[in-house]
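Structure first, then comments.
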Amino acid sequence: MPLVALMFLIGAGTVLGAYAAILYLPGMMAKRRLDQRLLDVSAPINVFDDESSVVKQKVEGPLPALDRLVARTNAGSWLKRLIEQSGSKSTPGAIVTMSLAIGVFTGFAVFVFAPFKLMAPPAALIGAFLPFGYLRFRRTARLKRFEEQFPEALDLLARALRAGHAFQTTMGMIGDELKEPVGPEFKKTFEQQNFGLPLRDSLHQLSERVPILDVRFFATAVLIQRETGGNLAEILDNLGHVVRERFKIRRQVRVHTAHGRFTALVLLSLPAALGVALTFLNPEHMHVLFTERIGQMMLIIAMVMQAIGFVWIRQVIKIEV
């Protein structure tokens, strides 16, 4: 009975907490953003701050020596670009340190608690790659948000140009008006131009920070218009229309491939779920797979075949738009 009462209290607390979060959290977050915006507007501007500098400050992690060592390698430049594209505030040295720590902890935990000791090295390897997988996940999500907000930025840019604003000024307006990630990226491009970087180089760096085909189209269209002339506002309107049509086609493709994606998810999760259920229902029967040589080989072959089948289905339903 005490266990049942404890489980009831935990469940009731979870439900009530989720209900309170859904009910009150959006209002609290909106009020917090409003207060922060009012604070930013009302804060005094000190132009002659002694601590301010036009020199780009280099962010160092907890181990500056490791940051410098990683920066000298090709992998360090790739990791730095990945961190920048993901929108994270970390450093390459911190990511490497976290990767090593998670890998060692995961391998040690599997070696101590798992019945199959040879699973420790693969588990350590998987744990070491978790921070990089998280960065790639954040990068993909951030680029998707940028791609969704990009047509709005193009429309704002075209309307500002028709109103008579200069192109550099409209870039700063987009940086101030739009939210993450479009606003900060355009704001960074605007500040680079203010500090004397040519427009070609600043747009090239924008397309490197945001490796999306639409951003490269935008940079190419602006540079060609600067050299040959033409109505830039009309060009941006056409580009925004093309981006929206691509989104429409992409969503139609997702609808048509929903059956294949759901099939891949079921086929991938069903054996694992069945194995967990059989472990609780008949542990002696499942224990053979981990203790006997033939059972271990069957598990390895099953995992390899599952991975091949998942990749195969992903390639079948993958349609480039």
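The values are calculated or read from the model by the stated rules, or taken from the named source; none is laboratory data. Every value quoted in this text rests on a predicted model; they were computed, and no experiment measured them. We place every Cβ from the backbone using ideal geometry, glycine too, and count neighbours over all the protein chains shown.
Here are some notes:
- Phe290 fulfils the conditions (1) surrounded by 14 or more Cβ atoms within 10 Å (Cβ to Cβ); (2) among the aromatic types (Phe, Trp, Tyr); (3) under 22 Å from Trp312 (Cα atoms) except for a single criterion, (3).
- Applying the condition of being free of Cβ contacts under 8 Å to residues at least 24 places away in the same chain and surrounded by 15 or more Cβ atoms within 10 Å (Cβ to Cβ) to region 218-236 and asking which residue is nearest to Pro184 (Cα to Cα) yields Ala219.
- Of all residues in region 184-206, those that are closer than 19 Å to Leu239 by Cα and crowded, with 17+ Cβ neighbours inside 10 Å total 4.
- With respect to being within 30 Å of Ser77 (Cα to Cα) and surrounded by 13 or more Cβ atoms within 10 Å (Cβ to Cβ), Val215 fits the description.
- Some residue of region 237-250 being surrounded by 13 or more Cβ atoms within 10 Å (Cβ to Cβ), outside any helix (DSSP H, G or I), assigned by TED's automatic domain parsing to the domain that holds Glu152 and of a type outside the set (Asp, Glu): no
- Answer from Glu185, Glu208 - the residue that is under 17 Å from Val243 (Cβ atoms), under 26 Å from the mean Cα position of the chain (by Cα), part of a helix (DSSP H, G or I) and in contact (Cβ under 8 Å) with a residue 12 or more places away in the chain: Glu185
- Residue in region 165-181 that is farthest from the chain's Cα centre (by Cα), counting only those that are surrounded by 15 or more Cβ atoms within 10 Å (Cβ to Cβ) and under 17 Å from Ala221 (Cβ atoms): Phe167
- Helices (runs of 4 or more DSSP H) wholly inside region 34-133 that include at least 3 residues being farther than 22 Å from Gln192 by Cβ and modelled with pLDDT of 85 or more: 92-113
- Thr220 meets the stated requirement of being among the polar types (S, T, N, Q) and closer than 30 Å to Ile83 by Cα.
- Entry remark, region 217-236: residues being polar (S, T, N, Q) and not in a helix (DSSP H, G or I) number 1 in total.
- Residue count, region 237-256 (criterion: without any contact (Cβ under 8 Å) to a residue 24 or more places away in the chain and farther than 26 Å from Arg159 by Cα): 5
- Residue pairs whose Cβ atoms lie under 6 Å apart, separated by 6 or more positions or on different chains, with the first residue in region 129-150 and free of Cβ contacts under 8 Å to residues at least 60 places away in the same chain and closer than 26 Å to Arg251 by Cβ and the second among the hydrophobic types (A, V, I, L, M, F, W, C) and surrounded by 14 or more Cβ atoms within 10 Å (Cβ to Cβ), are Gln149/Val182.
- Leu82 meets all of the listed conditions (1) closer than 15 Å to Pro211 by Cα; (2) surrounded by fewer than 14 Cβ atoms within 10 Å (Cβ to Cβ); (3) not aromatic (Phe, Trp, Tyr) but one, namely (2).
- Residue check for Val288: out of contact with any helix residue (DSSP H, G or I) (no Cβ under 6 Å at 6 or more places or on another chain), assigned to a helix (DSSP H, G or I), without any contact (Cβ under 8 Å) to a residue 12 or more places away in the chain and more than 30 Å from Phe247 (Cα to Cα): no
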